[in-house]
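The values are calculated or read from the model by the stated rules, or taken from the named source; none is laboratory data. Remember, predicted model here, so these are calculated numbers, not experimental data. Using ideal geometry, Cβ is built from the backbone for each residue, glycine included, and neighbour counts are taken over all protein chains shown.
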Amino acid sequence: MGALSAGLVAIAAGIALRQVDRWWFSPMRGRHRPDSLRSVMTLQRERLNNLTPVFLILGHWLEFAGWCAVAVHGGPGGCAVAAFAGAVKFRHLQEVSHFAVHGVLARGARLNTLLAEVAVHIPLGFVPVAVRRRRHVREHHPNATVAGADPNLAELHRAGIRTGATTVRYVLGTVHPLTPAGMFDTVRSLTVLGREAGAGRLRAAGPLVVAAAAATAFGWEAAVFVVVLPRLLLYPQLAWMSLLVEHRWFDPEPVTGPPVAVEAGRCLRLYPRNVLLALLARGTWLPYGDLYHFAHSAHPAVRWNYLPVLERSLHGPAYRPHALLLGESAVLRRHRRALAPVSGTGAPARPGYRPREA
């Protein structure tokens, strides 16, 4: 078997290995299908285990190895496809570790942390899991879209996506990781990892070790096109696109009451009717429940497998855009309108339209 064929086999084997976890947690498996939060949580508690998540993560890294072989033996086209695939793999691993941070990837709390650290945070050069848990679970979730309290909103502001930004500045902000300033931020985030509490001085070496291992096992093309280029450029842009469509960042509706009502006023649901775009997003830049961010925000202790089922039982959100960029209801268009200052006041303008509800 040629090296390229072996790489394709590894990709197929990795995908198959991941299906073990998907099958085990499937809401379609079993006599009774969950249709409410209570039934979802009951089924999730019954099925949480410490084995299938390991298969899931091993499957992703096996796929990663297959794409390294494609980059080395697939010519220029193979390098291009493998670079995008590498970015998607990093994006998937980020989201898998996101649910580990919430404590619902595996049954044991320590294993959740261990899997996230060893399989994702250290090799990709992320902050320690404890730091991410503090920022995401304790600071972001209860304060989403709240200026001065939400670290994610502050990140958008630092990229120039803020009230009064010019059109050029706003457009550059939407592709911030691809700009020189964004690339500098990505590199800086890796170089300052040692300053994070509990990080250790060698954490920043994680991506370097992965790149060196890819080059040694496969060739320099694997290191460049499947590790370095995705980690520094392509993966950050995919993650940034995901961040942009999580919330109505700049025109949330302040609502009091239960979490579902609060999140319905500040979340959105992309591609409510376009099945093909929804599947594409779920397979690439919005994986593992990221497309169902409203349901996740309302009930963050629910594993991604049950978010589609849970979403059907929830009311909201009202804003269900059909596109990211083009069209009257498009997310980036709405953000831009919300940020545009009202003439003579300097205050942000409210969008002058109401998007269609799905």
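Quick notes on this one:
- Any chance Ser26 is over 26 Å from Trp67 (Cα atoms) and free of Cβ contacts under 8 Å to residues at least 24 places away in the same chain: no
- Given (1) in contact with a Phe, Trp or Tyr (Cβ under 7 Å, 6 or more places away or on another chain); (2) part of a helix (DSSP H, G or I), number of the condition Gly66 does not satisfy: (1)
- Residues in region 13-38 that are of a type in the set (A, V, I, L, M) and either loosely packed, with under 14 Cβ neighbours inside 10 Å or under 20 Å from the mean Cα position of the chain (by Cα) (or both): Ile15, Ala16, Met28.
- Screening the candidates Val118, Val127, Val137 for the property of being closer than 26 Å to Gly182 by Cβ, part of a helix (DSSP H, G or I) and either modelled with pLDDT of 95 or more or under 16 Å from the mean Cα position of the chain (by Cα) (or both) yields one hit, Val137.
- The residues of region 164-213 that are crowded, with 16+ Cβ neighbours inside 10 Å, without any contact (Cβ under 8 Å) to a residue 24 or more places away in the chain, among the hydrophobic types (A, V, I, L, M, F, W, C) and more than 17 Å from Val120 (Cβ to Cβ) amount to a single one, Leu172.
- Subset of region 280-316 (residues that are modelled with pLDDT of 95 or more, surrounded by 16 or more Cβ atoms within 10 Å (Cβ to Cβ) and not in a helix (DSSP H, G or I)): Thr284, Trp285, Leu286, Pro287, Tyr288, His299, Pro300, Val302, Arg303
- Checked against (1) touching a strand residue (DSSP E or B) at 6+ places or on another chain (Cβ under 8 Å); (2) not in a loop (DSSP other than H, G, I, E, B), Tyr170 passes all but condition (1).
- Residues in region 85-92 include none that are buried (at least 19 other Cβ atoms within 10 Å of the Cβ), under 17 Å from the mean Cα position of the chain (by Cα), closer than 20 Å to Ala301 by Cβ and of a type outside the set (Gly, Ala, Ser).
- Residues satisfying the stated conditions in region 136-162, i.e. in contact with a Gly (Cβ under 6 Å, 6 or more places away or on another chain) and of a type outside the set (Gly, Ala, Ser): Ile161
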